[in-house]
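Below is one structure; the comments refer to it alone.
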Amino acid sequence: MKFRILGLSLVCITAINATESLGTIDVEEKANTTIVKDVRGEDIKSADLGEALSKKKANINISRRSGIANDILIRGQKKDNITVTIDGAKVCGACPNRMDPPISHVLTNNIDFIEINEGPFNVSDFGSLSADVKVHTLQPSKETHGELSINAGSWDYLKGAFMLSGGGEKVRFLLSGSSESGAQYKDGNGDDFVDQIANAIASGNAVAGNQYQAAYQDLDAFSKKTLMGKVYWNITPDQELMLSYTMNRSDNVLYPNTPMDAVYDDSNIFNVNYTAKNLGEFSKKLTLEAFRSTVDHPMSTQYRVAGAANYMTSHLETEMEGLKLTNKFDISNHEITAGIDANNRNWDGRYYRTAVATGVVTPIATKSINDVDTLNRAIFAKDKIKINDNLSVEVGARYDNTDIERAGIKTRDFNDVSAYTLATYDIDKTLKIFAGLGRSNRVPDAKELYFTSNTGTVIGNPDLDNVTNNEIDLGFEKKFDNFDLKSKVFYSKLDNFIAYNGTSNRYENVDASIYGIEMSGAYYMGENLVIDASVAYQRGTKDDPLTGQTDTNLPDIPPFKAILGAIYNYSDTFKVEGNLIVATPWSRIDDANGEQKLEGYNVVNLKATKNLGSGLELAFGVDNLFDSDYAVSNSYKDLTLLAGGTDTMVLNEPGRYVYTQLKYKF
């Protein structure tokens, strides 16, 4: 299904291509949404979509936890403040420590295009606060074609992938799969995961028990296998049915700056999509979507010194089921979409202790998350109104009713209204301005409400209120003969923002605000050279300090970031490209809750691609050319990170990464 998402965003990158990237990015430029196409075209290291996105857009950053499965931050917000869907299915990670964020359950080699919509301008989905990211995977084709690729890189990275698609007018299929693994990467100082922990222990930012046991210090950082299958049935000229299944299997994923590692992380995503067109005057397109997603995630201290005799396992599972019915029709100059939406998430987790000598596994009485159901029901509508040839206005509204039950006992009930209006005005053929005002909500999740540590410490706060984002966005797009310029400013007022209080070791609500600016431009120097640039800056503050604290800086607000890139098409078969990513020092921090000042960084990435003919293509590149030693994510204590008597451990980024890829298309 092709979604029409109403939101505000800017096109920050139109042609920048970093290594370990999403590939050749073709962007459809709209004032209200950014559609990033062909993201699978030249992916090099696709185990981490979040990392790849952070190298494409200046306003996207990551929370670095491992070699893969890193979470994303958009406009200084992360976790449940960002909605992620994969082919319409909402996927939630099972780990309360965000080892398996939603964005990690799909790989770039399976992606068709991505929509990134910033702000509270989406009423189609539950809980979109700072942004929603919609991942659309590959679609079956009529023509039979396929692709084989093999990738190799530094730190023993190796990946093999395949894709096969074909069929006819009535029935089509697609099957794709991949297998990849990688050793512990080394940072710019030449330190692998074991060395980084040793450095943290020496500086008092970790304790000796956090180190890997000698027998496990040479473990690979991860291994991952995926499989995706789709069947498309063109029932009649006006009816179609799509069935799809996506499987992800990750094993022994190391998380060096946390006390535990993932034993495995298994996810399954099932989608059913039925569309009927031209049913009548008031139904131009009727769509029924159903999905089910499951994640099984045990993490343990088995490989650490602390687990040499007895190791702890925290085993969590989550599953989500949803159903959405959407109807589209036109009345005069109105394009109207209306629908109903329902979904339920169950989240359950327990602690276990294993005696290494005997292998006896003993459940611990305390449950981390005790069988929590979050049931949401909603109705929504949106209208795109074409006032005249220059002015269009979009409006939308959504009503949500959400019940939360813990172990079968209803504990909370939320009733929320979200709404927005967005106006776009074309002053002339070269200049467009737009303005939006929106309000959205999201309820607290089971961790924020009820989470309990293995020692019995209650971290969740069952009295939390829902978060409301009231936001205004203003922007313009200007086109010159060979230059495009875009800019947007936003101000977000967050009522009852859910923050972690490191003093009381619990979550609490606090009013806060975030404002920022985003700019991008593309300069076309003839037919062969394109130069791109994008910048992003945001600032966040709490209205009042958290209980028992004095700091009003909002956490997770990255510093100024800029990306400068260029692509040069030397010939029809050979191109070179590169980019420079720059960030200023991270000096505005939430010191009371674990953040620390980080140095700025400059990173250069280079890549060359050669079409060898007969369907063969060869790519070679270098990430972090000058082997810079730097970190992009801070140490906010809402996540359980290694800590000693002083600061929390910060995980450095990979150092110089050299790679190659050989691809065959048929």
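Distance between the 7 Å Cα→Cβ label points at residue 234 and residue 587: 6.1 nm. Calculated FRET efficiency, residue 225 to residue 152, Cβ-Cβ distance, R0 = 22 Å: about 0.80 to the nearest 0.05. When only the Cβ of Lys, Arg, Asp and Glu is charged (+1, +1, -1, -1), the dipole of the stretch 187-265 relative to its Cα centre reaches about 280 debye. A simple spin-label model places pseudo-atoms 7 Å from Cα toward Cβ; at residue 139 and residue 375 they are separated by 3.6 nm. Considering only 370, 441, 457, the residue lying farthest towards the positive end of the dipole of the stretch 311-468 is 457, judged by Cα position with unit charges set on Cβ.
In the chain, helices alone account for a calculated mean residue ellipticity at 222 nm of -1000 deg cm²/dmol, with every DSSP H run of four or more residues adding -39,500 (n - 2.57). If R0 equals 30 Å, the separation of the Cβ atoms of residue 189 and residue 504 corresponds to a calculated FRET efficiency of about 0.25.
Computed about its Cα centre, the charge dipole of the chain is approximately 760 debye, with only Lys, Arg, Asp and Glu carrying charge at their Cβ. If a spin label sat at a point 7 angstrom from the Cα of residue 525 along the line to its beta carbon, the backbone N atoms of the stretch 568-587 nearer than 12 Å would be those of 568-569. Residues whose amide H lies under 5 Å from that of residue 33, counting only those 5 or more places away or on a different chain, are 9; hydrogens are built 1.01 Å from N in the peptide plane. Counting every other Cβ atom within 10 Å of each residue's Cβ, 185, 630, 255 order from fewest to most as 630, 185, 255. Amide H contacts of residue 264 (H built 1.01 Å from N, in plane; Pro and chain starts excluded): 252 sit under 5 Å, all sequence-distant by 5 or more or on other chains. Distance from the alpha carbon centroid of the stretch 118-178 to that of the stretch 326-348 works out to 24 angstrom. Express in % the proportion of alpha carbon pairs of the chain at distances exceeding 43 Å. Percent of Cα pairs beyond 43 Å in the chain: 19. Each part reduced to its alpha carbon centroid, the stretch 634-666 and the stretch 269-291 end up 41 Å apart. Fully extending the segment from residue 323 to residue 614 would add 100.3 nm, taking 0.36 nm per residue of separation and subtracting the current Cα-Cα distance. Measuring r between the beta carbons of residue 272 and residue 391 and using R0 = 35 Å, the FRET efficiency lands at 0.35. 3J(HN,Hα) along the stretch 595-610, derived from phi through the Karplus expression 6.51 cos²θ - 1.76 cosθ + 1.60 where θ = phi - 60°, amounts to 6, 9, 5, 10, 6, x, 8, 9, 10, 10, 10, 10, 7, 10, 10, 10 Hz, with x in place of Gly and Pro.
Sequentially through the stretch 380-386, phi angles give Karplus couplings (6.51, -1.76, 1.60; θ = phi - 60°) of 8, 8, 8, 9, 9, 10, 8 Hz, Gly and Pro residues having no value and appearing as x. Coupling constants for the stretch 267-280 follow from the phi torsions by the Karplus curve (6.51 cos²θ - 1.76 cosθ + 1.60, θ = phi - 60°), and in residue order they are 9, 9, 10, 10, 10, 10, 9, 10, 10, 10, 10, 6, 7, x Hz; glycine and proline get x.
Across the options 570, 146, 128, the greatest Cα extent toward the positive end of the charge dipole of the chain (unit charges at beta carbon of Lys, Arg, Asp, Glu) belongs to 146. Neighbour counts of other Cβ atoms within 10 Å put 463, 481, 647, 623 in the fewest-to-most order 481, 463, 647, 623. With a cut-off of 11 Å between beta carbons, the residues surrounding residue 59 carry a summed charge of +3, where Lys and Arg count +1 and Asp and Glu -1. Between 237, 320, 475, the Cα set farthest toward the positive side of the dipole of the chain (charges on each charged residue's Cβ, about the Cα centre) is that of 237. Given their separation in residues at 0.36 nm each and the Cα-Cα distance between them, residue 627 and residue 331 gain 100.7 nm when the chain is fully extended. Note on residue 491 and residue 551: the extension gain reaches 19.5 nm, defined as 0.36 nm multiplied by sequence separation minus the Cα-Cα distance. If one computes the Cα centroid of the stretch 422-480 and of the stretch 59-101, what distance in Å separates the two points? Spelled out, the Cα-based centre of one part sits 15 Å from the other. Among 145, 136, sorting on how many other beta-carbon atoms sit within 10 Å of each Cβ, with the fewest leading, yields 145, 136. Placing +1 on the Cβ of every Lys and Arg and -1 on the Cβ of every Asp and Glu, with no other charges, gives the stretch 571-664 a dipole of roughly 380 debye about its Cα centre.
Scanning residues 5 or more positions from residue 412 or on other chains, those with amide H under 5 Å from its amide H are 404, with H placed 1.01 Å from N in the peptide plane.
No value in this document is a laboratory result; all are computed from the given coordinates. The shown structure was predicted, so the numbers you read here are calculated from the model rather than taken from an experiment. Don't worry about glycine lacking a Cβ; one is built from the backbone with ideal geometry, like all the others, and counts go over all protein chains shown.
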